[in-house]
Amino acid sequence: HLDYLLISSQFHAMGLALPHVVAGDNLLFFPFGVIMRRCGAFFIKRSFKNEPIFPVVFARYVKQLIRDEFPVEFFIEGGRSRTGKLLPPKIGMLGIVADAAANNRPDRKVSLLPISISYEQIAEGNSYAHELTGGKKKTESFGTMLRASSVLKKRFGKVYLRVGEPIVLNHEIESYCSNWKDISSEDKREFLFEVGERVMYEIGQNML
């Protein structure tokens, strides 16, 4: 959970607008959920199955953020690799951003900025080893977060935050089709996977 806090701290140090961060609803417990909201997080359900209203409201909220030119931060791999290997891209959030870019004013371009974060040593080393040997990931709670606060007293080496080449999403859409609304859902998925793989490639190129 240090990843997005580190990115926000660097934005703050450079005088940039802090990003709104897409966070899983597994972090929506008291008081951590309140703190995360104040740090710019907004929460998404892990699955939209049997949820007819939430996906529509969520998509409208993200589109409004982009229309108002707020930076939106999300983790395109959709999960954490316990081995350091990059996971395949998840295209749900990317699709919402693409819809927002296509419906935005012509003079407003939406760019994807790949960011990689590499740690010399990870604080969750013991839990990663537990999970890699078949153990289940522990569910986040106030108690586990409180116990994990002891890591703040230790040193884990350096953190390397690197930024890849930005991808102007509007230019990619324009080169792919003349009208985003007219293409089929299958063609959209193919396009989004291609863009997602490019983002993951840029992240991988900047990993240490």
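For K85, give me every one of the lysines with a C-alpha distance below 23 angstrom, ignoring sequence neighbours fewer than eight places off in its own chain.
Excluding near neighbours in sequence, the set is K136, K137, K138, K158.
Provide the per residue accessible area, probe 1.4 Å, for the chain, rounded to a whole number of square angstrom.
Solvent-accessible surface per residue comes out at 65 Å².
Roughly speaking, what is the stretch gain from L161 to V34, that is 0.36 nm per residue apart minus the C-alpha to C-alpha distance, in nm to one decimal?
Length gained between L161 and V34: 43.1 nm.
With just the Cα atoms defining each centre, how far is the range 11-26 from the range 49-76? Give it in Å.
Here the answer is 15 Å between Cα centres.
With the contact rule set at Cα under 8 Å and sequence spacing of 6 or more, what percent relative contact order holds for the range 64-185?
Across the range 64-185, relative contact order equals 32 percent.
For the chain, which whole percent of the accessible surface, found with a 1.4 angstrom probe, sits on carbon and sulfur atoms?
That fraction is 55 percent.
Checking the a/c ratio against 1.5 first, then a/b against b/c, what shape does the Cα gyration tensor give for the chain?
Cα axes put the chain in the prolate bin.
Between R189 and K136, how high is the FRET efficiency from 1/(1 + (r/R0)^6) when r is the Cβ-Cβ distance and R₀ = 22 Å? Nearest 0.05. Numbers along the way, then the final one.
On the way: r = 31 Å, r/R0 = 1.41.
Given R0 = 22 Å and the Cβ-Cβ separation, E is 0.10.
With unit charges on the beta carbon (Lys/Arg positive, Asp/Glu negative), name the residue among C177, T133, L86 whose Cα is farthest towards the positive pole of the charge dipole of the range 76-180.
Value computed over the given set: T133.
Under 8 Å for C-alpha pairs, at least 6 residues apart: give me the relative contact order for the chain, rounded to a whole percent.
Normalised by residue count, the contact order of the chain is 23 percent.
Treating only the Cβ atoms of Lys and Arg (+1) and Asp and Glu (-1) as charged, compute the dipole magnitude of the range 1-123 about its Cα centre; round to the nearest 20 debye.
280 debye
Hey, what number do you get for the chain at 222 nm if only DSSP H runs of n ≥ 4 count, each worth -39500 (n - 2.57), divided across all residues, to the nearest 500?
Counting only the DSSP helices, I get -13000 deg cm²/dmol.
The values are calculated or read from the model by the stated rules, or taken from the named source; none is laboratory data. Here the structure is a predicted model, which is why all the values come from computation and not from measurement. Ideal geometry is used to build each Cβ from the backbone, glycine not excepted, and the neighbour counts take in all protein chains shown. Heavy atoms of the whole protein, side chains included, go into the accessibility calculation; ligands, DNA and RNA do not. Shrake-Rupley method; radii C 1.70, N 1.55, O 1.52, S 1.80 Å.
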